[in-house]
1. Output the residue which, of all residues in region 61-93 that are under 16 Å from the mean Cα position of the chain (by Cα) and among the aliphatic types (A, V, I, L, M), is farthest from Tyr118 (Cα to Cα).
2. Among the residues of region 7-44 satisfying the criterion of being at positive phi and surrounded by fewer than 15 Cβ atoms within 10 Å (Cβ to Cβ), which is modelled with the highest pLDDT?
3. When only residues in region 154-194 that are in contact with a Leu (Cβ under 6 Å, 6 or more places away or on another chain) and among the hydrophobic types (A, V, I, L, M, F, W, C) count, which is farthest from Ala60 (Cα to Cα)?
4. Whether any residue in region 43-64 is small (Gly, Ala, Ser) and out of contact with any Ser or Thr (no Cβ under 7 Å at 6 or more places or on another chain) is what I want to check.
5. With Gly241, Gly219, Gly234 as the choices, which residue is farther than 30 Å from Ser95 by Cβ and loosely packed, with under 14 Cβ neighbours inside 10 Å?
6. It is to be established whether one or more residues within region 177-185 are part of a loop (DSSP other than H, G, I, E, B) and surrounded by fewer than 20 Cβ atoms within 10 Å (Cβ to Cβ).
7. Would you tally the residues in region 109-120 being over 17 Å from the mean Cα position of the chain (by Cα) and buried (at least 19 other Cβ atoms within 10 Å of the Cβ)?
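The values are calculated or read from the model by the stated rules, or taken from the named source; none is laboratory data. Since the model is a prediction, treat every value here as computed from it, not as a measurement. Don't worry about glycine lacking a Cβ; one is built from the backbone with ideal geometry, like all the others, and counts go over all protein chains shown.
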Amino acid sequence: MKKLWFALMTGFILTAQAVGQAPDGPFRVVEYQYGDKPASKGAGKQTVLKVFKDGYWIAAFFGDPKKPFNGSGGGTFEIKDGKYVEKLDFYSWDSTAVGDVYAFDYKLSADRYEQEGYIDSDKYKHYLIREKFEKLAAKEPLKNSSLEGVWHMESGEWGKSKLGIGEYKDVSVIKIFSYPRFAFAYYNPLTRSFVGAGGGTYEFDGKTLTENIEYWSWGKPAFPVSVFKTEIRGDQYIQEGWENGLKEVWKKNKLSL
């Protein structure tokens, strides 16, 4: 009787833990249904990725030769009352959805994640989102994990352009490192407009950050493989590169500390 009670209690605890767990890391869509369209295996000619880290997420659709970049969305998330609940901070497909909060049914295992629910914006009325993901594993171990987490840009200079001035006035920039992938996005929280996004795979050895770009909303990247001199100072990191044409200062999100 005691053994049976122990087994039941152990099973209950494991189930409770599974329900409360949050997704973490990079995932790729292997099956989906969007709106009234039939469910599909894979993602067709494009790749659909979603990166979760420390209460933040960024999703991107890319890779179709006819449309190399097909959009990006992101924001914050939490597990609440048995649901996966996400808030949209930016959404390239429909700015009216920015600020909305949506709850999804979800399932999570060591290498799989599923979510199903509806969004409701001006463009997407009672729009079904059903997605099944597989977790992406790294081929090689990460040499230095100091960049893992969520970062917000404090200052940025790219040639003659500068964060906070001109086209980058009132723009916020978020970046997630979740090995083996990174993802970032530029957006304006005041106008709810999407500015741009990029992402790919990365390596970091403590001094040199190497980013292999897989999607880039600004067209063909001038530096598809970018090597940055990187310095970490407490809760900040500085990266410089692009033949001295880029300098960015990032501050780590408090949830990532």
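1. Filtering region 61-93 for residues that are under 16 Å from the mean Cα position of the chain (by Cα) and among the aliphatic types (A, V, I, L, M), the one farthest from Tyr118 (Cα to Cα) comes out as Leu88.
2. Gly35
3. Trp158
4. Checked against the condition, which is being small (Gly, Ala, Ser) and out of contact with any Ser or Thr (no Cβ under 7 Å at 6 or more places or on another chain), region 43-64 yields at least one hit.
5. Gly234
6. Among the residues of region 177-185, at least one is part of a loop (DSSP other than H, G, I, E, B) and surrounded by fewer than 20 Cβ atoms within 10 Å (Cβ to Cβ), which makes the answer yes.
7. The total comes to 1.
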